[in-house]
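S.K.: Have a look at this one.
Values quoted throughout were computed directly from the atomic coordinates according to the rules given, and no laboratory measurement underlies them. Bear in mind that the values here come from a model prediction, so they are computed numbers and not experimental data. Counting neighbours? That spans all protein chains shown, and the Cβs are built from the backbone with ideal geometry, glycine included.
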Amino acid sequence: MTATLEPNFLQQVAAPDLPAPRGPLSEAVVEALRGGPLRPVDPAGAEPYGDDLQLALHCCYELHYRGFAGVDAEREWDPEVLGLRRELERVFLAALRADVEPGENVPAEVDALLVEPVGPGVRGVSHHLQREGTLEQLREYVAHRSIYHLKEADPQAWAIPRLNGAAKAGLVTVEHDEYGSGRPERMHALLFAEMMTELGLSDAYGAYVEHVPGETLAEVNLMSLCGLHRSLRGASVGQFAMVELTSSPGSERLVRGMRRLECGPASIRFYDEHVEADAVHEQVVRRGVLAPLLEAEPELAADVVFGIRASLFLGERMGERLLGCWDRGETSLRMPLAPGRP
Amino acid sequence: MAEPGPTRVLLTEEGPALISGPVELELPDGTRVRSDRAVTAVCHCRRSKRYPICDASHRRKVRQEGPDA
Ligand code: FES
Ligand SMILES: [Fe+2]
Ligand SMILES: [Fe+2]
């Protein structure tokens, strides 16, 4: 009984426009995708989590998802673009490996994620939005999150053919639920799109790429990086586990924040569904994915821990960006949102 | 399609019972709750705010006081 969408998110086929570059790296990628020659650039020394490198990577990765308007779909396998992507990935991955403490104890990592910090001392975006965030801040948060949620579960789907046996079956069980268990009207990406429409935001795929900073793009780029490299399949599973294990309580806080802000039913539904869905997904990921994966391939433990910690690290950077901007009374986006419809 | 063999219910040590396949749960007052998920987590700790469906309220909590507490 949610508002009818026009045009329906599930029928959208138009690819987004190429975004405006934010520096030499993203300029080289965007120019090349516009049909020009690939200008030689050297990503070494670039800010690994900065706007320029992350936008350049985002553009390279989107060729594997929905592409861009006016860009030939075959550019996905353009060796020059892939070569530059590799260089960008090296810088990003080297920074993450340096910033994230290595570990091999997956059960300890999981146990730590399952303890829920509560009380007034906990700083986090969902805690803020539950307690005192404004409707404008909530809309900003949803715009940030749209980069992932409008393709929810897609980056992790790359891992399916890279797993085997029980771990593969377990991952597909969760993915199937994310995609609506065969019912398109229940796809989580669609529920997110319906929330966006209700909040007066555009549900067009990629509509907020220009708005979001490098911190936001980095989180999603990590998912694509780990999904697209078979050598990082352990990290992909770790990243997925981190989301599924932490989402349920965070979603509950957002439901409460939205009720406090008197949001409509479509907005509440997305996070409400995730309280319940991710309480189950947590169980399936632990018992049906992590346990059989580590039994079959124990040498992947360090990568699983890396995936968990790298996504936590990037999630905290993004959270700090949002809360820091809001503390200063500024927008957390690169440009303010158009006002919501009344 | 019915699964061959009996319904499997996994009783976890820390929280919910995991039931495969769509289930309908009947509460003492006669209310029925339906779940179509491939796996349903039924709350066993009774702390769920969505009882009888687990909402992860069984998790251990650690309190962090505010800066002035
Ligand atoms: S068993 Fe999970 S909330 Fe009760
Ligand atoms: Fe989801
Ligand atoms: Fe999930």
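S.K.: Measuring from centroid to centroid over Cα atoms, what is the spacing of segment A:166-242 and segment A:102-165 in Å?
M.R.: Going from one Cα centre to the other spans 11 Å.
S.K.: In addition: Can you tell me the Rg and the Dmax, both Å, for the Cα atoms in segment A:127-224?
M.R.: Final numbers for Rg and Dmax: 15.2, 46 Å.
S.K.: Moving to a separate point now. Kindly identify segment A:284-325 as rounded, prolate or oblate by the Cα gyration tensor criterion: order the square roots of the eigenvalues as a ≥ b ≥ c, call it rounded if a/c is under 1.5, otherwise compare a/b with b/c, prolate if a/b is larger, else oblate.
M.R.: Numbers: a/c = 7.95, a/b = 2.67, b/c = 2.98.
It comes out oblate by the Cα gyration axes.
S.K.: Let me ask you something else. Per residue of B:27-39, what is the mean number of Cβ atoms on other protein chains within 10 angstrom of that residue's Cβ? List each step's numbers first, then the result.
M.R.: Values: counts 0, 0, 0, 0, 0, 0, 0, 0, 2, 5, 9, 8, 10.
Mean partner-chain Cβ count within 10 Å for B:27-39: 3.
S.K.: Something else: For Cα pairs less than 8 Å apart in space and 6+ apart in sequence, what is the mean separation divided by the residue count of segment B:7-57, i.e. the relative contact order in percent? Before the final figure, lay out the partial values.
M.R.: Numbers: 89 pairs, mean separation 14.9, N = 51.
Reported relative contact order: 29 percent.
S.K.: When the helix-only estimate is applied to chain A (DSSP H runs of n ≥ 4, each -39,500 (n - 2.57), divided by the residue count), what is the mean residue ellipticity at 222 nm, nearest 500 deg cm²/dmol? It would help to have the intermediate numbers written out before the result.
M.R.: Values: 14 runs with 198 residues, N = 342.
My calculation for chain A gives -18500 deg cm²/dmol from helical runs alone.
S.K.: If only Cα atoms are counted, what is the Rg of segment A:198-241, and what is its Dmax, in Å?
M.R.: Cα-based Rg and Dmax for segment A:198-241 come out at 13.6, 41 Å.
S.K.: Semi-axes of the equivalent ellipsoid for chain B, please: Cα gyration tensor eigenvalues, times 5, square-rooted, ordered largest first, whole Å. Don't skip to the end; give the middle numbers.
M.R.: Details: eigenvalues 190, 42, 18 Å².
Result for chain B: semi-axes of 31, 15, 10 Å.
S.K.: Would you mind classifying segment A:238-342 by shape? Square roots of the alpha carbon gyration tensor eigenvalues, ordered a ≥ b ≥ c; an a/c under 1.5 is rounded, otherwise it is prolate if a/b is larger than b/c and oblate if not.
M.R.: Values: a/c = 3.50, a/b = 1.64, b/c = 2.13.
It is oblate, given that a/c is not under 1.5 and a/b is not larger than b/c.
S.K.: Skipping prolines and chain starts, which residues have an amide H placed within reach, meaning under 5 Å, of the one on B:Val39, given they are 5 or more residues away or on another chain?
M.R.: Here B:Gly21 satisfy the definition.
S.K.: Kindly provide the Kirkwood hydrodynamic radius of segment A:36-154 in Å, to one decimal, from all pairs of distinct alpha carbon atoms. Mind showing how you got there, number by number?
M.R.: Numbers: mean 1/r = 0.0554 Å⁻¹.
Averaging 1/r across every pair of different Cα atoms and inverting gives 18.0 Å.
S.K.: Between A:Ala15, A:Ala108, A:Ala301, where does the largest GNM mean-square fluctuation fall for chain A, given springs only between Cα atoms within less than 10 Å?
M.R.: Ranking A:Ala15, A:Ala108, A:Ala301 by mean-square fluctuation puts A:Ala108 first.
S.K.: Choose one answer from A:Pro19, A:Pro155, A:Pro107: the residue with the largest mean-square fluctuation in a GNM of chain A with alpha-carbon springs under 10 Å.
M.R.: Among A:Pro19, A:Pro155, A:Pro107, the largest GNM mean-square fluctuation belongs to A:Pro107.
S.K.: Next up: When the C-alpha atoms of segment A:106-327 are aligned to their principal axes, what extent does each axis show, in angstrom, from largest down?
M.R.: 48, 39, 31
S.K.: Output ³J(HN,Hα) for segment A:197-203: one whole-Hz value per residue in order, computed from phi by the Karplus curve 6.51 cos²θ - 1.76 cosθ + 1.60 with θ = phi - 60°, and x for Gly and Pro.
M.R.: 4, 5, 8, x, 9, 7, 9
S.K.: Let me make sure I get this right: for segment A:15-99, a, b and c are the square roots of the gyration tensor eigenvalues over alpha carbons, sorted descending. Under 1.5 in a/c it's rounded, otherwise prolate if a/b > b/c, else oblate. Which is it?
M.R.: Prolate, because a/c is 1.5 or more and a/b exceeds b/c.
S.K.: What's the whole-number percent of alpha carbon pairs in segment A:100-139 lying beyond 15 angstrom? The partial results should precede the final answer.
M.R.: On the way: 455 of 780 pairs.
Here the long-distance tail beyond 15 Å is 58 percent of all Cα pairs in segment A:100-139.
S.K.: Ratio of the protein assembly as shown's C-alpha Rg to 2.2 N^0.38 Å, to two decimals? Please report the intermediate quantities before stating the final value.
M.R.: Working: Rg = 21.3 Å, N = 411, 2.2 N^0.38 = 21.7 Å.
For the protein assembly as shown, the normalised Cα radius of gyration comes out at 0.98.
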